[in-house]
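Notes follow once the structure below has been shown.
The values are calculated or read from the model by the stated rules, or taken from the named source; none is laboratory data. Everything numeric in this text was worked out from a predicted model, so none of it was measured. Here Cβ is always computed from backbone atoms with ideal geometry, including for glycine, and neighbour counts include all displayed protein chains.
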Amino acid sequence: MAEHQISLPEEAYKTLVKVAEAQGTTPVDWILSQLPIFPPEEQPLWERLTGLVGAINSKEEPPHDCSTTAFGEVSGPSARE
C-alpha cells in the first residue's frame, strides 16, 4: 500500500497527537475514524434512497388496522365512519 504525507501547522499536529493519545489511538487511526465509510459522492443515489421511497395505492384500504399514534387519534376503521 502506498503511503502519502500531509503537512500540518505545528499547533494542529500537537493538538492531533494530544487528542489521539487521549483516546488511546494513533494520529493516523484517529484521522481514519473521522472519515466516512461511504462518502456520499461515491454512493449511488439509488443506494442512498433505498428504503426511503415508495408508492401507495390510494384506491385500496390499508392492509393493517389503524391505531392511535402521536400524530393523531385514529383508533380503527370505525373512526373513519
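Could you list, in sequence order, all residues of segment 1-27 that are exposed (fewer than 11 other Cβ atoms within 10 Å of the Cβ) and β-branched (Val, Ile, Thr)?
Result: 6, single match.
Among helices (runs of 4 or more DSSP H) lying entirely in the chain, which contain 3 or more residues that are within 29 Å of the chain's Cα centre (by Cα) and modelled with pLDDT of 80 or more?
The helices (runs of 4 or more DSSP H) meeting that bar are 10-22, 27-34.
Under 9 Å between Cβ atoms, at least 6 apart or on separate chains: pull out the pairs that start in segment 23-35 with a residue that is polar (S, T, N, Q) and end on any residue that is exposed (fewer than 12 other Cβ atoms within 10 Å of the Cβ) and assigned to a loop (DSSP other than H, G, I, E, B).
Every condition considered, the pairs that remain are 33/23.
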